[in-house]
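To keep things clear, I will list the structure first and then write my remarks on it.
The values are calculated or read from the model by the stated rules, or taken from the named source; none is laboratory data. A quick note: this is a predicted structure, and the numbers were derived from the prediction, not measured. No Cβ is skipped: glycine too gets one built from the backbone with ideal geometry, and neighbour counts run over all protein chains shown.
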Amino acid sequence: MQNVQDGWVLVVEDDPVVAKIIEKSLNIPAVCLIDPQEIENLSPRREPLGCFVDIHLGQGRSGLDFIPALRRKWPVSPILVVTMDGSDEALEQAFFAGAEDLIIKPVKPRELIARFQTRLLTLQKHSQGASLSFGGLNLDKEHRIVSGPLGREFLPPIESLMLASLMAARGTVVPKETLKHEAWGLNAVSDNAFHRKLFELRKAVQSVSADINIRSQYGRGIVLDAYGSGDEEKVGEEAEAVASSTGREEFFDGV
């Protein structure tokens with residue numbers, strides 16, 4: 001991979017060998033840290049090209065706990081989880097924490113390069129055409145901020161990609177598998193993880209606009225539209241109420 005002038009990556013990892021593999025594979029300087037305070041001391045102005053985070057850091061610590069701080073400091077930098085834990089639970093936890101991708105150890109240089117380049121290309125594509133508007137809802141794709149009549153909200157990467165796909169569809173139905181591909185790429189994602197993210201996106205959209213609804217159409221997919229008076233809209237509202245009150249997205253498993 002071609003070296004990027006002044007570029008660097010952050011590695012949250014208790015094994016310095018892994019950091020060296022990442023640095024050598026990408027041909028980019030890597031800064032390896034495992035202390036949250038050290039991350040806080042880094043300048044927010046010198047944003048890394050990406051962050052690689054191990055889940056199990058030893059002494060009962062989880063790298064996933066670092067992700068919110070990384071996201072606050074560098075909202076745009078891709079976050080890739082690197083772990084030996086290839087379970088579905090680890091995958092869901094990583095994506096729910098805000099990671100864009102997951103790499104299974106032992107790290108394979110070619111896979112590492114391919115996944116990292118994919119994240120950078122996705123970021124570049126996402127930032128092109130820096131904003132989207134639909135029905136009074138606005139999405140700043142570069143900074144992942146959704147705004148409307150009631151205010152504005154910062155979106156995690158997955159939710160931002162999902163909303164961008166729904167807004168680009170201009171009120172037409174987007175199949176669930178299409179949304180998965182747009183948000184997670186080629187990664188296999190369970191319906192449970194998908195519905196958890198959709199649930200969080202609904203809450204974010206409703207917090208900035210009372211006029212826009214993310215509606216599930218059984219057997220077809222997801223649509224972004226305005227609240228209406230028809231039966232379909234009532235079903236969508238009832239489904240959202242059930243999901244909000246129970247905290248379970250299984251209500252939408254038929255999507």
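Numbers below:
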| item | result |
| --- | --- |
| Single residue of region 75-99 satisfying the filter (more than 19 Å from residue 192 (Cβ to Cβ) and of a type outside the set (Val, Ile, Thr)) that is modelled with the lowest pLDDT | 75 |
| Selected residue [within 18 Å of the chain's Cα centre (by Cα) and over 22 Å from residue 204 (Cβ atoms)] from 120, 161, 179, 166 | 120 |
| Qualifying residue in region 42-60 (condition: touching a His at 6+ places or on another chain (Cβ under 9 Å) and not assigned by TED's automatic domain parsing to the domain that holds residue 156) | no |
| Enumerated helices (runs of 4 or more DSSP H) restricted to region 1-85, each holding at least 2 residues that are among the hydroxyl-bearing types (Ser, Thr, Tyr) and in contact with a Pro (Cβ under 7 Å, 6 or more places away or on another chain) | none |
| Flag for residue 77 being touching a strand residue (DSSP E or B) at 6+ places or on another chain (Cβ under 7 Å) and polar (S, T, N, Q) | yes |
| Condition check for residue 83: farther than 16 Å from residue 9 by Cβ and in the same structural domain as residue 20 (by TED's automatic domain parsing) | yes |
| Residue list for region 72-126, restricted to those being aliphatic (A, V, I, L, M) and over 26 Å from residue 165 (Cβ atoms) | 82, 84, 104, 107, 112, 113 |
| Single residue of 62, 77, 87, 43 found to be over 20 Å from the mean Cα position of the chain (by Cα) and of a type in the set (S, T, N, Q) | 43 |
| Hits in region 45-83 (condition: surrounded by fewer than 19 Cβ atoms within 10 Å (Cβ to Cβ) and of a type in the set (Val, Ile, Thr)) | 76 |
| Leading residue by the ranking (nearest to residue 132 (Cα to Cα)) among those in region 190-207 that are crowded, with 20+ Cβ neighbours inside 10 Å and touching a residue at least 60 places away in the same chain (Cβ under 8 Å) | 205 |
